[in-house]
Amino acid sequence: MDTSVTYRCLNCNGALVFDEDTQLLVCGFCQSKFTEKDLEDSEADKKADKIEEENAKFRAEILEYRCTSCGAEVIADKNTAASTCYFCHNPVVLVDKLSGEFKPSKIISFKFDKDEAKATFLRFAKKKWFVPKDYFSSDQIDKISGVYYPFWVTDADTDSEFSAIGKNVRTWRAGDYRYTETTTYDVYRRGDIHFEDITTSAISTEEKDMLEGILPYPIEDYQDFAMPYLQGYLAKKRDIDRDLLYDEVKGRMDSYAETLLKRTTNYNILTTRHLDVAIIKSHWEYSLMPVWILTYKKKHKHDSKKDKTYVYAMNGSTGKIYGELPVSAFKLTLASLGACLLAGLAAFLVGFIGFM
């Protein structure tokens, strides 16, 4: 089927006709003349205007919350109530609408609701005998919050090159002698490697261990971002631009590429001499991933500076758990006393039997 394209005048929207003599597109109504680049630039401007319009709409529909106690900043849709901080449980303050480009491209929605998240936490916590009892009290569990965390997701095409020294070692015994034969090879590999969905947290390092502890996310569940996904949840603001993550992501590519290229060889010993992963093109998408998060603050009796916040997190899509556990000094003391009593009783019985 033939497809025809009609170009429109930028001034009066009339149809344009190509003039062979001037090599220009001419309007049949107002006689305006344009190059093809003029029309392409105008189309690009329209797209940019549309993106800015969508971003303005996004900023108008969201609110920003800031905790004055721990400094946590999150965003939510205007229908979400946020009266306490998801992290430290102190009251939060509603501040101005967001500015800047914080609109995500993609999102993975929550697969577990709050009741399922609480049940999963209870199964996790009640197996740990030394945690404080109030760690899994009903008041504590009710504070579990659904938060979308920011990530950069990267795809890349690379030209990867690898050289190494390979060795095969063979040993055998003949009579009273043991023989060893070592064969050395120059190894070279080169190939086009495509990296898909390298997921890197887009917030500062204090929560990085927690976020990496619940990876990966099922990228097949990726969806285009839409505001309704935020309803009833909070979303952490990103504070790391993708340029600052380049070295970390490139380091992962280098490591993955080396592993893949090594798998194409078959040597007893393989020592890398050179690795070069040249990025031909890459694509980055700012994305939000679901996390159920619960924190517990253990207070020091005499020094508030020694207070410690423990973080429990669950991947809101897969259910994978990351947990830092507090330890009950009382339960630990009871266990120690119990162990001492058992040891003393055992020693008494041994002595008693020996006396007999």
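Could you go through the range 58-72 and let me know if any residue there is in a loop (DSSP other than H, G, I, E, B), charged (D, E, K, R) and either closer than 15 Å to Met227 by Cα or at pLDDT below 80 (or both). No, because not a single residue in the range 58-72 is in a loop (DSSP other than H, G, I, E, B), charged (D, E, K, R) and either closer than 15 Å to Met227 by Cα or at pLDDT below 80 (or both).
Of Met253, Met289, all but one fail to be surrounded by 13 or more Cβ atoms within 10 Å (Cβ to Cβ) and within 13 Å of the chain's Cα centre (by Cα); the exception is Met289. Against the test of being modelled with pLDDT of 90 or more and under 14 Å from Lys143 (Cβ atoms), the options Lys114, Lys106 yield a single qualifying residue, Lys114. Being in contact with a Pro (Cβ under 7 Å, 6 or more places away or on another chain) and not charged (D, E, K, R) holds for only one residue in Val169, Val131, and it is Val131. Look at the range 177-199: where a residue is more than 13 Å from Asn268 (Cβ to Cβ) and in contact (Cβ under 8 Å) with a residue 24 or more places away in the chain and a partner is of a type outside the set (A, V, I, L, M, F, W, C) and outside any strand (DSSP E or B), sitting 6+ places away or on another chain with Cβ atoms under 7 Å, you get Arg189/Thr264; Phe195/Tyr256; Ile198/Arg252; Thr199/Pro216; Thr199/Tyr217. Asp243 satisfies every condition listed in (1) among the acidic types (Asp, Glu); (2) over 20 Å from Ala164 (Cβ atoms); (3) part of a helix (DSSP H, G or I); (4) in contact with a strand residue (DSSP E or B) (Cβ under 9 Å, 6 or more places away or on another chain) except (4).
Just a yes or no: is a residue in the range 220-228 more than 30 Å from Ala278 (Cα to Cα) and touching a helix residue (DSSP H, G or I) at 6+ places or on another chain (Cβ under 6 Å)? Talk me through it step by step, then tell me what you get.
Just the residues of the range 220-228 that are more than 30 Å from Ala278 (Cα to Cα), to begin with: 225-228.
Next, from what is left, pick out any that are touching a helix residue (DSSP H, G or I) at 6+ places or on another chain (Cβ under 6 Å): 227.
Within the range 220-228, one or more residues are more than 30 Å from Ala278 (Cα to Cα) and touching a helix residue (DSSP H, G or I) at 6+ places or on another chain (Cβ under 6 Å).
Residue-wise test of (1) at pLDDT 95 or above; (2) of a type in the set (Val, Ile, Thr); (3) at positive phi; (4) touching a Leu at 6+ places or on another chain (Cβ under 7 Å).
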| residue | (1), (2), (3), (4) |
| --- | --- |
| Ser138 | no, no, no, no |
| Asp157 | yes, no, no, no |
| Phe162 | yes, no, no, yes |
| Lys167 | yes, no, no, no |
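Conditions (1) within 12 Å of the chain's Cα centre (by Cα); (2) of a type in the set (S, T, N, Q); (3) within 30 Å of Asn315 (Cβ to Cβ); (4) surrounded by 10 or more Cβ atoms within 10 Å (Cβ to Cβ), marked per residue:
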| residue | (1), (2), (3), (4) |
| --- | --- |
| Thr183 | no, yes, no, yes |
| Arg189 | no, no, no, yes |
| Thr199 | yes, yes, yes, yes |
| Glu207 | yes, no, yes, yes |
| Ile214 | yes, no, yes, yes |
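The set of residues in the range 206-234 that are among the acidic types (Asp, Glu), in a helix (DSSP H, G or I) and modelled with pLDDT of 85 or more comprises Glu212, Glu220, Asp221.
Scanning the range 112-153 for residues that are acidic (Asp, Glu) and part of a loop (DSSP other than H, G, I, E, B) yields a count of 2.
Condition test on Asp254, is it part of a helix (DSSP H, G or I) and either of a type in the set (Asp, Glu) or more than 27 Å from Asn90 (Cβ to Cβ) (or both)? For Asp254, the condition - part of a helix (DSSP H, G or I) and either of a type in the set (Asp, Glu) or more than 27 Å from Asn90 (Cβ to Cβ) (or both) - is met. Only residues that are within 28 Å of Ile280 (Cβ to Cβ) and among the hydrophobic types (A, V, I, L, M, F, W, C) were counted in the range 140-164, giving 6.
When Ile193, Ile203 are checked against the criterion of being farther than 19 Å from Leu260 by Cα and outside any helix (DSSP H, G or I), Ile203 stands alone in meeting it.
Looking at Asp243, Asp254, Asp239, Asp224, which one is closer than 17 Å to Val153 by Cα, free of Cβ contacts under 8 Å to residues at least 24 places away in the same chain and out of contact with any Leu (no Cβ under 8 Å at 6 or more places or on another chain)?
Values: Asp254 fails: out of contact with any Leu (no Cβ under 8 Å at 6 or more places or on another chain); Asp239 fails: free of Cβ contacts under 8 Å to residues at least 24 places away in the same chain; Asp224 fails: free of Cβ contacts under 8 Å to residues at least 24 places away in the same chain.
Of Asp243, Asp254, Asp239, Asp224, the one residue that is closer than 17 Å to Val153 by Cα, free of Cβ contacts under 8 Å to residues at least 24 places away in the same chain and out of contact with any Leu (no Cβ under 8 Å at 6 or more places or on another chain) is Asp243.
Tally time: how many residues in the range 216-236 are surrounded by 13 or more Cβ atoms within 10 Å (Cβ to Cβ) and touching a Lys or Arg at 6+ places or on another chain (Cβ under 7 Å)? Don't jump to the end; show me each part of the working.
We begin by selecting, within the range 216-236, every residue surrounded by 13 or more Cβ atoms within 10 Å (Cβ to Cβ); these are 216-217, 219, 221-222, 225, 227, 229-230, 232-236.
Subsequent filtering for residues that are touching a Lys or Arg at 6+ places or on another chain (Cβ under 7 Å) retains 222, 225.
So the answer is 2.
So for the range 258-269 (the condition being touching a Lys or Arg at 6+ places or on another chain (Cβ under 6 Å), assigned to a strand (DSSP E or B) and surrounded by fewer than 17 Cβ atoms within 10 Å (Cβ to Cβ)), does at least one residue qualify? Among the residues of the range 258-269, at least one is touching a Lys or Arg at 6+ places or on another chain (Cβ under 6 Å), assigned to a strand (DSSP E or B) and surrounded by fewer than 17 Cβ atoms within 10 Å (Cβ to Cβ), which makes the answer yes.
The values are calculated or read from the model by the stated rules, or taken from the named source; none is laboratory data. Every value quoted in this text rests on a predicted model; they were computed, and no experiment measured them. Using ideal geometry, Cβ is built from the backbone for each residue, glycine included, and neighbour counts are taken over all protein chains shown.
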